[in-house]
1. On average, how much accessible surface per residue is there in the chain, in Å², for a 1.4 Å probe, leaving out ligands, DNA and RNA?
2. Expressed as a whole percentage, what fraction of the accessible surface of region 128-170 belongs to carbon and sulfur atoms when a 1.4 Å probe is rolled over the protein heavy atoms?
3. Can you order the peptides 169-179, 95-105 by their average number of other Cβ atoms within 10 Å per residue, highest first?
4. Can you run phi through the Karplus equation (6.51, -1.76, 1.60; θ = phi - 60°) for region 92-102 and list ³J(HN,Hα) in whole Hz, with x for Gly and Pro?
5. Need one number: the % of Cα-Cα pairs in region 136-212 sitting beyond the 14 Å mark.
6. In deg cm²/dmol and to the nearest 500, what is the mean residue ellipticity at 222 nm of the chain if only DSSP H runs of at least 4 residues count, each as -39500 (n - 2.57), divided by the residue total?
7. What are the residues whose amide H is under 5 Å from the amide H of L165, where those residues sit 5 or more places off or on another chain and H is modelled from the backbone?
8. Note the angle between two axes, namely the Cα long axis of helix 114-123 and the longest principal axis of the Cα atoms of the chain, as a number of degrees from 0 to 90, rounded to the nearest 10.
Amino acid sequence: HLNLREVNNEIFYETSSLGFQFVHVPWIYDSYTYKRMIAGSIEEVEVVRKDGPGIITYPYEQVYYRAFVSELQRAPWIGFKNLLTEQELRARQMQGIYDDVDKVLDDERDGTHQNIKDMEERAGLISEKGMPYEIFELYLFWDVDEDGKMEDIRIWFEPSKEIILRAEYNDLGVRPISCFKYMRYTKREDVGIGVGKMTEQLQDAMDALFNM
């Protein structure tokens, strides 16, 4: 289930207002287990929530790549920041998705930017211990086997302790990444103009008129 209606609404809103929206379409495996009593014995049951492609939208501040990159498919590297709780990290380790999760959790910090922590603490939304960790997913061209050929690989890592949680080849032959644009005005794939920018001069004129 791709939940296209909700995703399309988010893409349209961000694209029209900001001018562009990054979208990542990875293959997602997500499951959970629970225990139940049957005939006096405890049975463990695994339920697969999703095993297929998913559409993930990222705000601009959670997308990282080298400046002046014109083509995302040929960028030396491009990465996305994900905020995961301790429970989500342990679940992904149980599912065989991540390794060395304990090394990430063996840390006194809570893994969240100080500005976000201050905001949530003021709102009383979450305790400090429950704050998420910053996990980056990176597509990177690298000569893995030193044969002179640059392979496109995917790496999941925690940056503050430099821990690689997973690494694999990108065997799709293409990066499942795209950038939607409302109005394109350069050859760069990551730049677009939204309604706000297009009406900036009109807004300036209205401000000047009403402030006379």
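The values are calculated or read from the model by the stated rules, or taken from the named source; none is laboratory data. Just so we're clear, the structure is a prediction, and the values are computed from it rather than from any experiment. Reconstructed Cβ throughout: ideal geometry from the backbone, glycine too, with neighbour counts over all protein chains shown. Ligands, DNA and RNA are stripped out before the accessible areas are found, and what is left, the full protein with its side chains, is counted by its heavy atoms. Shrake-Rupley method; radii C 1.70, N 1.55, O 1.52, S 1.80 Å.
1. Per-residue value: 68 Å².
2. Numbers: 1370 of 2510 Å².
After summing per-atom areas, the C and S share lands at 55 percent.
3. Working: 169-179: 13.1, 95-105: 15.8.
Highest to lowest by the protection proxy: 95-105, 169-179.
4. Couplings: 6, 5, 5, 7, x, 7, 10, 10, 6, 5, 4 Hz.
5. Values: 2203 of 2926 pairs.
Counting every Cα pair in region 136-212, those more than 14 Å apart make up 75 percent.
6. Details: 6 runs with 54 residues, N = 212.
The helix-only estimate for the chain comes to -7000 deg cm²/dmol at 222 nm.
7. Hits under the 5 Å cutoff: W156, F157, E158.
8. Computed tilt is about 80 degrees.
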